[in-house]
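Structure, as structure tokens:
The values are calculated or read from the model by the stated rules, or taken from the named source; none is laboratory data. It should be emphasised that the depicted structure is a prediction, and the values quoted were computed from it without experimental measurement. No Cβ is skipped: glycine too gets one built from the backbone with ideal geometry, and neighbour counts run over all protein chains shown. For the accessible areas, the whole protein counts, side chains as well, though only heavy atoms, and no ligand, DNA or RNA atoms are used. Shrake-Rupley method; radii C 1.70, N 1.55, O 1.52, S 1.80 Å.
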Amino acid sequence: MNELIRSEIDEAAGIARVILSRPERRNALSAALVEELKDTLALAEADDRIRVVALAGDGPDFCAGADLDELQETIREGPLASLAEAESQGDLFILLRRLEKPIVAVVQGRALAGGCGLATACDLVVASADARFGYPEVKLGFVPAMVMAMLRRAVGEKRAFEMVTTGAIIDAQTAADFGLVNRVFPSGEFEAGVDSYLRDLAANSASSMALSKRLLYQTDGISFEAAVRAGAQVNVVSRMTDDCGEGVRRFLDRKK
């Protein structure tokens, strides 16, 4: 639907596949791509046919990070231009959390720097066994600054500090051991494994997944008691949904 982003909808399964489409630049995050991605995700959120969004990259790599040619020009324009560019990318990370539908990063090849940040910002990450992850910004004098808010939550402080200060590139299984990746599929079974994973996720109650996502991120940083109270409110709301009523009826019918 766009020049830099492709969107494919499997209406029967309730899955939207949003694909970064700059394979000649390893899907580097240009300003235009970031804006188109935000627009595409907003459209997916508003589409009642969609229950799960899969975010992938066209070609052999998921995303190589920032477009360095464009970044160099932005640096020349001065700090205000750099701030505007950084805040735009930050808005994308925030949007991924605010959308109610689960966003699954589907990673093959390399997810580096801002590309690794993009995967980290998604709710779930599935990867091919030959995928690689890392934050090599330190090698160039950069800091993966906005990503740290998400990375430390995903892998813990010690792992996050190690990743951003060494710039090491890790394989998919190590990323899973760290807590950055949810599921690793053998390279030859990647497409089939991802398809099954997405279909199983999309078969669940859309309202339950939306409420779970909202509650999970809402309770981040609040006290234990406040988190339990917030959970009680969501519990009541979930019981009032059509999905819950139908689910209880199906369960009771099976018992009978």
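Computed quantities for the displayed model
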item: The range 199-232 versus the range 79-146: alpha-carbon centroid distance in Å; result: 22
item: Calculated FRET efficiency for the pair ALA145/ALA84, C-beta based, R₀ 25 Å, to 0.05; result: 0.95
item: Stokes-Einstein diffusion coefficient of the range 36-77, Kirkwood radius over Cα pairs, 25 °C, 0.890 mPa s, in µm²/s; result: 188
item: Lys, Arg +1 and Asp, Glu -1 on Cβ, resulting dipole of the range 181-247 about Cα centre, debye, nearest 20; result: 280
item: R0 of 30 Å, Cβ-Cβ distance PHE224-PHE161: FRET efficiency to nearest 0.05; result: 0.70
item: Ranked packing of 132-145, 209-222, most packed first, by mean Cβ within 10 Å; result: 132-145, 209-222
item: Label corresponding to Cα Rg over 2.2 N^0.38 Å when calculated from the structure given, among (i) 1.06; (ii) 0.97; (iii) 1.14; result: (i)
item: Check: the chain dipole with +1 on Lys, Arg Cβ and -1 on Asp, Glu Cβ, in debye; result: 1200
item: Accessible surface of the chain [probe 1.4 Å, protein heavy atoms]: carbon and sulfur percent; result: 53
item: Burial order of peptide ranges 47-56, 167-176 (average beta-carbon count within 10 Å, highest first); result: 47-56, 167-176
item: Accessible area per residue, Å², the chain with all protein chains present, probe 1.4 Å; result: 53
item: Estimated distance in nm for a label pair at GLN72 and VAL236, the labels positioned 7 Å out from Cα along Cα-to-Cβ; result: 5.9
item: With Cα atoms, 0 to 90° folded angle of helix 242-255 axis to the chain main axis; result: 50
item: Lys/Arg +1, Asp/Glu -1 at C-beta; the chain dipole; positive extreme among MET163, SER208, PRO136; result: SER208
item: Charge dipole (debye, nearest 20) of the range 31-113; +1 at Cβ of Lys and Arg, -1 at Cβ of Asp and Glu; result: 480
